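Note sheet for the following structure.
No lab work stands behind these numbers, since they all come straight from the coordinates. These numbers were taken from a predicted model, which means no experiment stands behind them. Cβ placement follows ideal geometry from the backbone for every residue including glycine, while neighbour counts extend to all protein chains displayed.
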Amino acid sequence: MDSKLLRKIRKAVSACAAAAVIMTGSSFGTFAAEFSYGGSVSTSVSTSASESQVSLMTLPKASLKSEALVSNATHPFGYQTNRLKVRWNKVTGAKNYQVCIRGGKYNEWKKFKLIPASCTSVTISGLSRNTAYQFKVRAVNGNNCGAYSAVQTLRTSRIDFDADGWKAMCRIVYHEVGQSPDPCWDEPIVHVADCVINRYEAAKYLNDSLWAPYYRGYNSVQSMIYQSGGFMSDAGLANDGATYNNVTNKVMNAVYGALYSKVTVSSIKHNSNVFYWQNTSYKPSGSKVAYVYPIPWGGYFSIWREYWG
């Protein structure tokens, strides 16, 4: 081939390659062009300054929904001692959600699994009874991850119960000490709730030598309350006006606090070592309430306190 013609062809190809690199760099970010001629290879690469911003998707920070008061929403009925349900709000752009857990046997944060974007909750099982766990979640889309949510702490229950069991616990506490709105009854409400749950836990989960013989055979907390003779029957509670519709929020909060070891009424701490109460009227305007605590050398010691209504 004529040497002059060959030089013209090479010059034209070189100009086209340079133009391709410039156009690609300005329009698409990064481009590698290879042109082979005369046995040599020329590679040109151009990187746009905004490339990292173009290729990465910014996902919003995830947010967890708050704990729900006694329902399947957070603590699945019948499995509260070993399962928790974590819930979050939908994140725009997410294709998955990454859930992390810490607590119990998980000494450090552990990634649970990726959850499809179609789901905004997950039930985690195999947990320990009466144990606090921490959770956080983030949105994921391919290699892009949003910020983790704020950490949420949820606790497994001391006992398992269903909807009827929840009602039975609330009704007996309401019947005994929960009908007066006066704050002088706050402590009796809290500790009577403790007593009911402590007995069932001692018999069914701790195999306590005192309580197991009495309550071991009752398969639910409501059967213990209604049928054992240690509390009151369903009909007896109803006859005295202790229906679930009459139960106050304060009583519900006290029972919930006793189940999950939470302070929910007037900053009064729950006591897992109280098992007895008495509500014996001795004046028209007041009552005595007894709480009985186990003592180290055996037996129980009565602590009497007066509450004026």
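Structure summary
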| read-out | value |
| --- | --- |
| Karplus-derived 3J(HN,Hα), 6.51/-1.76/1.60, for each residue of the range 186-193, Hz, glycine and proline x | 4, 5, x, 4, 4, 7, 5, 4 |
| Cβ-derived FRET efficiency at R0 35 Å, Q134 paired with Q278, nearest 0.05 | 0.30 |
| Extension reserve of the T153-S223 stretch, reckoned as 0.36 nm per residue once the Cα distance is removed | 22.1 nm |
| Size descriptor, Kirkwood hydrodynamic radius, that averages inverse alpha-carbon separations across the range 163-308, Å | 15.5 |
| Extended-chain gain in nm, criterion 0.36 nm per residue less alpha-carbon gap, E108 and D234 | 40.7 nm |
| Global geometry of the range 84-155, whether rounded, prolate or oblate, following the gyration tensor of its Cα atoms and the 1.5 cut on a/c | prolate |
| Footprinting exposure proxy for V192, V255 (fewest neighbouring C-beta atoms within 10 Å first) | V192, V255 |
| Summed side-chain charge close to K85 - residues other than K85 whose Cβ falls under 12 Å, Lys, Arg +1, Asp, Glu -1 | +2 |
| Above-threshold pairs, the threshold being 18 Å between Cα atoms, out of K61/K85; K85/K167; K65/K136; K61/K136 | K61/K85; K85/K167 |
| Charge tally in the Cβ shell below 11 Å around N271, where Lys, Arg are +1 and Asp, Glu are -1, N271 excluded | -1 |
| Under the Karplus curve 6.51 cos²θ - 1.76 cosθ + 1.60, θ = phi - 60°, whole-Hz ³J(HN,Hα) for the range 121-127, x wherever Gly or Pro sits | 6, 8, 9, 9, 10, x, 8 |
| Using a Förster distance of 25 Å, the FRET efficiency for N143-S63 (Cβ separation, nearest 0.05) | 0.65 |
| Added length on full extension, which subtracts the Cα-Cα distance from 0.36 nm per residue, C184 to K95 | 26.7 nm |
| Fewest-first ranking of M224, M252, M169, using other Cβ atoms within 10 Å as the exposure measure | M252, M224, M169 |
| Y106, Y79, Y291 arranged by Cβ crowding within 10 Å, fewest neighbours leading | Y106, Y79, Y291 |
